[in-house]
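Here's the structure, in structure tokens; my notes come after.
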Amino acid sequence: MEIAIIVAIDQQRAIGKDGDQLAYISGDLKRFKQLTTGNAIVMGRKTFEALPKGALPNRLNIVVSRNKDLQLPGCIVVSSTEEAVEAAREYRKLFVIGGGEIYKAFLPYSDTLHLTVIHHNFEGADTWFPEWSAQEWHCTEKSEVLTDEKSGLLYHYEILVRTSQVRLTFS
Ligand SMILES: NC(=O)c1ccc[n+]([C@@H]2O[C@H](COP(=O)([O-])OP(=O)(O)OC[C@H]3O[C@@H](n4cnc5c(N)ncnc54)[C@H](OP(=O)(O)O)[C@@H]3O)[C@@H](O)[C@H]2O)c1
């Protein structure tokens, strides 16, 4: 199974503020839906709580929490990253959709990074995507620079893949 991270970062790798996203870019949301639909997605409990309508339709929703009694409608709740991968075993692809803690836990186990890079430095951000090594990851696709009509924000997409087979595996 491929493990793919999908994330929107600003120029300093910031991803969130006060439990919310830094920006809602409609083109990016459409791309997120297109890429993740039909696949399994895994998210941290805090990211789940920020979803306006709960579990995302037409995807296997896996939520990671240390609270073993937690039940969430439309989701499989697991208490470790290993259990999350196990829960997704019948799927071809597992998308890691955030937030900061979950990206950090999954980065060493991931094959692909789908980045949306927003050309802006957001003030007051409190959550970041972890640093990745330029030696370990290389860019295979980079889009042109796009403009979000509503906010005026400039952004582009990048796909990064591992340069070698150094991905850790879950035993
Ligand atoms: N820009 C983007 O693309 C993007 C995407 C997603 C989220 N975000 C942003 O990221 C922020 C949230 O990120 P966050 O780092 O605060 O929270 P998070 O990663 O969404 O969730 C953290 C929670 O996940 C559980 N958890 C984490 N590691 C675990 C482990 N190893 N085992 C078991 N459970 C584990 C814990 O839940 P319990 O406390 O229940 O034990 C922990 O409190 C928000 O601002 C959100 O908007 C941005």
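The values are calculated or read from the model by the stated rules, or taken from the named source; none is laboratory data. Here the structure is a predicted model, which is why all the values come from computation and not from measurement. Please note: Cβ atoms are built from the backbone with ideal geometry, for glycine as well, and neighbour counts cover all protein chains shown.
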For this session: Select from the stretch 6-42 the residues that are at negative phi and in a loop (DSSP other than H, G, I, E, B) and list them in ascending order.
Result: D10, Q11, Q12, L22, A23, Y24, I25, T37, N39
For this session: Among the residues of the stretch 68-89, count how many are near the ligand (Cβ under 9 Å from one of its atoms), under 19 Å from L51 (Cα atoms) and assigned to a loop (DSSP other than H, G, I, E, B).
Result: 1
Problem set entry | Near pairs, Cβ below 7 angstrom, 6+ apart or cross-chain, from the stretch 116-131 (under 16 Å from L153 (Cα atoms) and assigned to a loop (DSSP other than H, G, I, E, B)) to any residue that is modelled with pLDDT of 95 or more and of a type in the set (G, A, S) | F122/A14
Problem set entry | G44, sole failed condition from (1) out of contact with any Gly (no Cβ under 8 Å at 6 or more places or on another chain); (2) touching a residue at least 40 places away in the same chain (Cβ under 8 Å) | (1)
Exercise. If you go through the stretch 48-56 one residue at a time, do you hit one that is in a loop (DSSP other than H, G, I, E, B), without any contact (Cβ under 8 Å) to a residue 12 or more places away in the chain and within 14 Å of the ligand (Cβ to nearest atom)?
Worked result: yes
Problem set entry | Of all residues in the stretch 24-54 being crowded, with 18+ Cβ neighbours inside 10 Å and among the aliphatic types (A, V, I, L, M), the one that is farthest from L94 (Cα to Cα) | I25
Seminar exercise, completed: I3 passes all but one of the listed conditions (1) in a strand (DSSP E or B); (2) near the ligand (Cβ under 8 Å from one of its atoms); the exception is number (2)
Problem set entry | Answer residue from the stretch 57-67, given it is part of a loop (DSSP other than H, G, I, E, B) and within 13 Å of the ligand (Cβ to nearest atom) and is surrounded by the most Cβ atoms within 10 Å (Cβ to Cβ) among those | S65
Seminar exercise, completed: Taking first residues from the stretch 16-37 that are more than 8 Å from the ligand (Cβ to nearest atom) and second residues anywhere that are of a type in the set (S, T, N, Q) and outside any loop (DSSP other than H, G, I, E, B), the pairs with Cβ under 7 Å that are 6 or more apart or on different chains are D28/T116
For this session: Might you let me know whether the stretch 164-171 holds any residue that is farther than 24 Å from N67 by Cβ, assigned to a loop (DSSP other than H, G, I, E, B) and touching a Leu at 6+ places or on another chain (Cβ under 8 Å)?
Result: no
Exercise. Taking G98, is it within 6 Å of the ligand (Cβ to nearest atom), of a type outside the set (D, E) and under 30 Å from G124 (Cα atoms)?
Worked result: yes
